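Below is one structure, written out as structure tokens; comments come after it.
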Amino acid sequence: MIDADRPLSPHVQVWRWHLTMFTSIAHRASGAGLYAGALILAAWAVALASGPAVYDSYRHLMGSPLGKVVLFLLTLGVFYHLANGIRHLVWDSGRGLDIKSANFSAVVAIAFAIVATLVIWGIAITTGAV
Amino acid sequence: MASYRTPLGRARGLGAAHHGASHWLAERVSAIALVPLVLWMVFGILRLASLDYQGAVLWVSEPLNAVLMVLLTATAYWHMHAGMRVIVEDYIHKTLTKAVLLVLNMFVSVLVGSLAIFSILKVALGGAL
């Protein structure tokens, strides 16, 4: 690739926003967010292996208001990336690629992410996990 | 004797590096494996959130939890490396920056993924009590 200052595909600045464009961008954004989430998961494992004092600090950090906000966003990211990832796997089989199906599955993926996140946090609150 | 195969027929399945679609396919296979693993993880985290240090160590020491935790970590780190690689390849066109980011992505994924897996195994094998 030549080093050049050219506009990047898909020329976000000239496209009208639509739902499938949002789901595509959100898939990458949630994937990048989950990269950070995987690092937080690794920090959990390392903290647990480092003994009670470090593990208590980790739990304290994740239980703080900021920690809870991060965990909530990660829950949303996990369920969205999961649902939209399955949507991509269906597309890879050559199905559901027409505009009507793609718009419908976009709504399903977004709705699943929101509902599943609320259900999990509902369970967490009622069982006293948070 | 001249080959009767068309240029397309010879090229099919062979990229410039003769890898064909293996990267693309590996990302999909890891995605399929992550569907059940991630669903299990969500409920695992719900359980862990209400456990203290001792409880968490005992939870990780269960053979099924330990194995699924290791498989989840390995698969997730493979998948996130593949995903971040595609993002870098798509958006970063400056050769040096791209190379640095691709190497950094690999180093971070392998280092942190290894740390996580070693830690899980240490706890599961009784090294944390």
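Computed from the coordinates by the stated procedures, all read-outs in this text should not be read as laboratory data. Here the structure is a predicted model, which means the values were calculated and not measured. Neighbour counts run over all protein chains shown; Cβ positions are idealised from the backbone, glycine included.
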State the number of residues belonging to segment B:58-106 that are at the interface with chain A (Cβ under 7 Å from one of its Cβ atoms), of a type in the set (A, V, I, L, M, F, W, C) and under 17 Å from B:L34 (Cβ atoms).
3
If B:F107 satisfies all but one of (1) over 23 Å from A:H81 (Cα atoms); (2) surrounded by 15 or more Cβ atoms within 10 Å (Cβ to Cβ); (3) free of Cβ contacts under 8 Å to residues at least 12 places away in the same chain, what's the number of the condition it fails?
(2)
Selection over segment B:17-57 where residues are assigned to a helix (DSSP H, G or I), within 11 Å of chain A (Cβ to nearest Cβ) and not aromatic (F, W, Y) yields a count of 25
Report yes if A:S30 is farther than 21 Å from B:W78 by Cα and either touching a residue at least 40 places away in the same chain (Cβ under 8 Å) or surrounded by fewer than 20 Cβ atoms within 10 Å (Cβ to Cβ) (or both), otherwise no.
no
Would you point out which residue out of A:G85, A:G77 is surrounded by 17 or more Cβ atoms within 10 Å (Cβ to Cβ) and touching a Gly at 6+ places or on another chain (Cβ under 7 Å)?
A:G77
Part of a helix (DSSP H, G or I), more than 9 Å from every other protein chain (Cβ to nearest Cβ) and not acidic (D, E): is that true of B:L129 in this structure?
no
So which of A:R95, A:R59 ends up being surrounded by 15 or more Cβ atoms within 10 Å (Cβ to Cβ) and farther than 21 Å from B:M84 by Cα?
A:R59
The helices (runs of 4 or more DSSP H) lying wholly within segment A:13-130 that contain at least 1 residues that are under 20 Å from B:S30 (Cα atoms) and more than 10 Å from every other protein chain (Cβ to nearest Cβ) are A:19-49, A:65-92, A:99-126
Checking the structure you have, find out if any residue of segment A:65-88 is within 17 Å of the chain's Cα centre (by Cα), of a type in the set (F, W, Y) and under 16 Å from A:A129 (Cβ atoms).
yes
